[in-house]
């Protein structure tokens, strides 16, 4: 088979299971390198049920531990950043691609700055910084959970700080 013909025919992967039916044969329909070249987005189709889904491929890095507020340590998981962004941006005009882009930016910043451990507060602050620039409502939603406001006065103080930044 010539390389030109191979490039045009769908790639098959016997290791990726379909999230809908669990069948282990899929074909890659489209592969795209993200803008900064650190991951590959692949659109796949199940050969059994024909459902389509997306996977992302990243370079494996040295394991990084996140030190939680209570002192526990957990492996760094970029999916948790994406989940937090999705919750904050729910019903807001923010695309999934933009949230994935922000997740990538935060993950790269953390990997560059820290070798073995990072405090969860550092990650939270990075997320808040990105959300403040992206969508004020999403920022307030995330801040209300992240900062664990005890009462309305703490919440109002955060809002007033945000409004002061907007006036500058």
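The values are calculated or read from the model by the stated rules, or taken from the named source; none is laboratory data. Remember, it's a predicted structure, so these values are computed and weren't measured experimentally. No Cβ is skipped: glycine too gets one built from the backbone with ideal geometry, and neighbour counts run over all protein chains shown.
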From the list 109, 138, pick out the single residue that is touching a helix residue (DSSP H, G or I) at 6+ places or on another chain (Cβ under 8 Å), surrounded by 17 or more Cβ atoms within 10 Å (Cβ to Cβ) and in the same structural domain as residue 156 (by TED's automatic domain parsing).
138
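Suppose we filter 133, 107 for residues that are in a helix (DSSP H, G or I), within 24 Å of residue 34 (Cα to Cα) and under 13 Å from the mean Cα position of the chain (by Cα); which single one remains?
Working: 133 fails: under 13 Å from the mean Cα position of the chain (by Cα).
After applying the criteria, what remains is 107.
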Here the qualifying pairs (Cβ atoms under 8 Å; residues six or more apart or on different chains; first in the stretch 16-42 and in contact (Cβ under 8 Å) with a residue 24 or more places away in the chain and not assigned by TED's automatic domain parsing to the domain that holds residue 52; second assigned to a strand (DSSP E or B) and surrounded by fewer than 14 Cβ atoms within 10 Å (Cβ to Cβ)) come out as none
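Restricting the stretch 53-95 to residues that are assigned to a strand (DSSP E or B) and touching a helix residue (DSSP H, G or I) at 6+ places or on another chain (Cβ under 9 Å), which is modelled with the lowest pLDDT? Lay out the reasoning, then the answer.
Of the stretch 53-95, the ones assigned to a strand (DSSP E or B) are 53-58, 65-67, 73-75.
Filter once more, keeping what is touching a helix residue (DSSP H, G or I) at 6+ places or on another chain (Cβ under 9 Å): 56, 58, 66-67, 74.
Details: 56: 88, 58: 81, 66: 95, 67: 95, 74: 95.
Here the residue is 58.
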Give the number of residues within the stretch 59-77 that are more than 15 Å from residue 125 (Cα to Cα) and touching a residue at least 12 places away in the same chain (Cβ under 8 Å).
9
Of all residues in the stretch 93-104, how many are over 20 Å from residue 39 (Cα atoms) and either in contact with a strand residue (DSSP E or B) (Cβ under 6 Å, 6 or more places away or on another chain) or surrounded by fewer than 15 Cβ atoms within 10 Å (Cβ to Cβ) (or both)?
1
